[in-house]
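For reference, the structure is listed below as structure tokens.
Nothing in this text is a laboratory measurement; each read-out follows from the coordinates by a stated rule. From a predicted model like this one, the values you see are computed outputs, not experimental measurements. All Cβ positions, glycine included, derive from the backbone under ideal geometry; neighbour counts span all protein chains shown.
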Amino acid sequence: MSGFKWNRKWFAAMLVVMVIMGATVSGQAQAGRRRRRESNANRQARIARSIEDTYSHRWELAGGGGYLRFRTGQYNQRSNEITWETSATYNLNPKWSVFGDIRGMYGNAKINNQINFPVAINGVYRPLITNYTFMVGPQYRFYAKQKFSASAHIIGGLDLGNYDGGTKGISATTLGLWATSNRPVVSAGFNLDYNLYPNLALRLTPTYVGTMFRGINPSTGQADGNLQNNIGVNGAIVFRFGRIRK
């Protein structure tokens, strides 16, 4: 009997130890889950503060350069233009803003000799052309995360086109280029921002530029031209400052 009692006591003791160990392990697991929940909550709160800090700025200034594929005349091939761009954004709220943009575009026109004349006149093959655009319009930010944001804008204004600067005294329209003039211009694009800090970002902007220059039809001698569809891309550094008042 004494042996049986001793075994029973031993079994009871082991059972108590197992219960205590199980409770300890369970407590540690619950504590770990609580720490993970608190860690996730802290992380989410930190991300939320960063997002609010980033997109509560009133102003954004950006500057950079890029590339535009541009039609220089009604019957000419498209030419490659190097561009610079500077823009200012006035944020009405974290989503809507007023977007203003100034660009300079420089390239060499590709003269279509077969349509305009049999040989190049005075050796003018690829005259320099320049465009300067001044545009403004609405912008909407449709995606805003801690590191990335995306906005869409539609802007319009004036294009100052100079097509006579590199023609050696020959009229631009004689070469099949657009007439040097100031004409309406429209543009649509997406500003894709990668945030280095809440107040500093890198921007990539695929862009469409619609110009409305006119030239002279070599067959009829009459003015012609329509909406010219040009596509390009710009890159810029963005600096944010000021705060939207709540």
_segment 39-54 - phi-based ³J(HN,Hα) in whole Hz, Karplus 6.51/-1.76/1.60, Gly and Pro as x_ = 5, 5, 5, 5, 5, 5, 5, 5, 5, 4, 5, 5, 5, 5, 5, 5
*Just add up the charged neighbours of ARG58: K/R +1, D/E -1, any other residue whose Cβ is under 12 Å from the Cβ of ARG58.*
+3
_Charge context of PHE142, other residues only, Cβ under 13 angstrom, K/R +1, D/E -1_ = +2
_Burial ordering of PHE213, PHE134, fewest other beta-carbon atoms within 10 Å first_ = PHE134, PHE213
*Kindly put MET135, MET212 in sequence by how many other C-beta atoms sit within 10 Å of each C-beta, fewest to most.*
MET212, MET135
_For GLY65, residues with placed amide H under 5 Å, excluding near neighbours_ = GLU85, GLY235
*P(r) for segment 59-241: what percent of alpha-carbon pairs falls in each 10 Å bin, starting at zero?*
10, 36, 27, 16, 9, 2
*For segment 123-246, give the magnitude of the charge dipole about the Cα centre (Cβ charges: +1 Lys/Arg, -1 Asp/Glu; no others), in debye to the nearest 20.*
760
*For each of VAL209, VAL98, count neighbouring Cβ atoms within 10 Å of the residue's Cβ, then give the residues from fewest to most.*
VAL98, VAL209
